Each structure stands twice: as structure tokens, then as C-alpha cells.
Amino acid sequence: MLRKGIYIFLGILSVVLGVVGIFVPGLPTTPFLLLSSWLFYKSSKRLHDRLLRSRLGRYIRHYESGEGVPLASKLISIACMWGMVCFSAFFAIERFYLRVLLFVLAGIGTICVSLMVPTAKKDGKR
């Protein structure tokens, strides 16, 4: 019973972080929602089903079906990431080596999103 309560608490926390990730560049949405789905699956069928039926459930359904992410969404994500990186590098970080590290990490993030996240085709197939 304690494990079930912990899973439900962590699932709700993960949903909240996923929702925040919709609005905050750099904070992932889909991994938090996938974690929530798993936690709810292990603890509460009602919460799991409710999550899948919600507007957030589309992130999970797209992942599970292998449809991928629309190209426009990938481009917007990359642009938001680079916008925040540039803002941070030029207005918030003073040390040169931290700026270089930030740009290297942003480059790695761009490569990961570009190559590892599947892109949905216009007809809905990968």
C-alpha cells in the first residue's frame, strides 16, 4: 500500500514537471509523461487511463505508436533551446569556459533531437 502511494505521488509530480516542460525550454515533457504513465500503470489503473485520455495523453500515444514528432515541433524545440542558450551565454554567464560548455551541450542536444527523436511524416507514418 505504501509503494502504491509513493508511485501515485511520484506520478503526479512527474505530470506536473511534464506540464511545466511544455512551457520551459530545456525541461523535457515526454519523458516525464512516460514516467507518469508507468508509475500510474503500476499503482492506479484509473489514473493511468485518465492520463491517456487527457490532452497530455497524445505525447504518450505518439511515443508508444512510434509515430514520431512533427518536423515543425522539432524545429521549434531546437530554436527555443538555442534561444535560451544564447540568452544564458550572453546575459547570464560571465566565464568563457562555461559559455563554451553551454554551447557544446546545446550542440549535443541538437544532434540528439535531430537524429534520435523520430520525425513523423505528413501521412502520419515514420
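A few points about this structure:
- Counted residues, segment 98-121 - those being farther than 19 Å from Tyr63 by Cβ and either acidic (Asp, Glu) or not in a helix (DSSP H, G or I) (or both): 0
- Residue count for segment 38-93 under the criterion of being in the same structural domain as Gly18 (by TED's automatic domain parsing), surrounded by fewer than 16 Cβ atoms within 10 Å (Cβ to Cβ) and over 17 Å from the mean Cα position of the chain (by Cα): the result is 6.
Yes/no matrix, rows are residues, columns are (1) over 30 Å from Tyr7 (Cα atoms); (2) modelled with pLDDT under 80:
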residue	(1), (2)
Ser37	no, no
Arg50	no, no
His62	no, yes
Gly107	yes, no
Lys125	yes, yes
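- Filter result for Leu2 (modelled with pLDDT of 85 or more and surrounded by 12 or more Cβ atoms within 10 Å (Cβ to Cβ)): no
The values are calculated or read from the model by the stated rules, or taken from the named source; none is laboratory data. Being a predicted model, the structure only gives us computed values, none of them experimental. Neighbour counts are summed over all protein chains in view; Cβ atoms, including those assigned to glycine, are modelled from backbone coordinates with ideal geometry.
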